[in-house]
Amino acid sequence: MQLARWAYDLAESLLADSLPRRWAHSQRVYSQALTLAPALGEDAELLAAAAITHDIGYAQVAVDTGQHMIDGARYLRDVVGADPRLCSIVAFHTSSSWEASELGLDDALSEFGPAEPELVDAITYCDLTSGPVGDLVDPAERLSEVLERYGPEHVVFRAVSAARPELMARVARVRGRVEAVMAKLS
């Protein structure tokens, strides 16, 4: 858990004091990632590290493009020299591809590709089961909350609206993988 501990400390230093709600959310995303460990095998620690750092792009020192997924990935790559796979998971989490397209940032996002579908599914599941203040939530309700918070004129609203079917499919795939692993263990 050396990578995850390092990532946890980094995220805490960037979010805990200046963005306490974002930090609470990130801690729940991390907790959710830990529950997926049996289904992820060797990638469990990598997902835990991505989970805790997935929103560091909101930290003032990381803001570059204004798209927090790309900004967080660039901060991890350029400032702290993180593993490229970790940067990629952060860059592609949840509705990133749709947001990047809306903002004309497809080339910036491609700096971190190609995405690893199983890990993008897993980080998306963790993100969508974690509420904005760290509570455990239903993914459909989480998406509704995001849409309500941003409103129809915002890029996030448009991106999440377009991405919603795929985001729910990602959640379903992760649940299916977890169920299959648990069935094998019992």
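Of the helices (runs of 4 or more DSSP H) lying entirely inside the stretch 18-70, those carrying at least 2 residues that are among the β-branched types (Val, Ile, Thr) and closer than 19 Å to residue 96 by Cβ are 44-53. Taking the listed residues 156, 160, the one that is touching a Phe, Trp or Tyr at 6+ places or on another chain (Cβ under 8 Å), surrounded by 15 or more Cβ atoms within 10 Å (Cβ to Cβ), within 30 Å of residue 38 (Cα to Cα) and in contact (Cβ under 8 Å) with a residue 40 or more places away in the chain is 160, with no other qualifying.
Residue-wise test of (1) open to solvent by 70 Å² or more (accessible area, probe 1.4 Å); (2) free of Cβ contacts under 8 Å to residues at least 60 places away in the same chain; (3) more than 17 Å from residue 173 (Cα to Cα).
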site	(1), (2), (3)
105	no, yes, yes
108	no, yes, yes
113	no, yes, yes
119	no, no, no
124	no, yes, no
132	no, no, yes
137	no, yes, yes
141	yes, yes, yes
145	no, yes, yes
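For the stretch 27-42, the criterion of being crowded, with 18+ Cβ neighbours inside 10 Å and touching a Phe, Trp or Tyr at 6+ places or on another chain (Cβ under 6 Å) is met by none of the residues.
Flag set for residue 12, criterion: more than 26 Å from residue 140 (Cβ to Cβ) and assigned to a helix (DSSP H, G or I).
The values are calculated or read from the model by the stated rules, or taken from the named source; none is laboratory data. Owing to the predicted nature of the structure, the values given are computational and were not obtained by experimental measurement. With ideal geometry, Cβ positions are generated from the backbone for all residues, glycine too; neighbour counts draw on all protein chains shown. The area values use the complete protein model at the heavy-atom level, side chains included, leaving out ligands, DNA and RNA. Shrake-Rupley method; radii C 1.70, N 1.55, O 1.52, S 1.80 Å.
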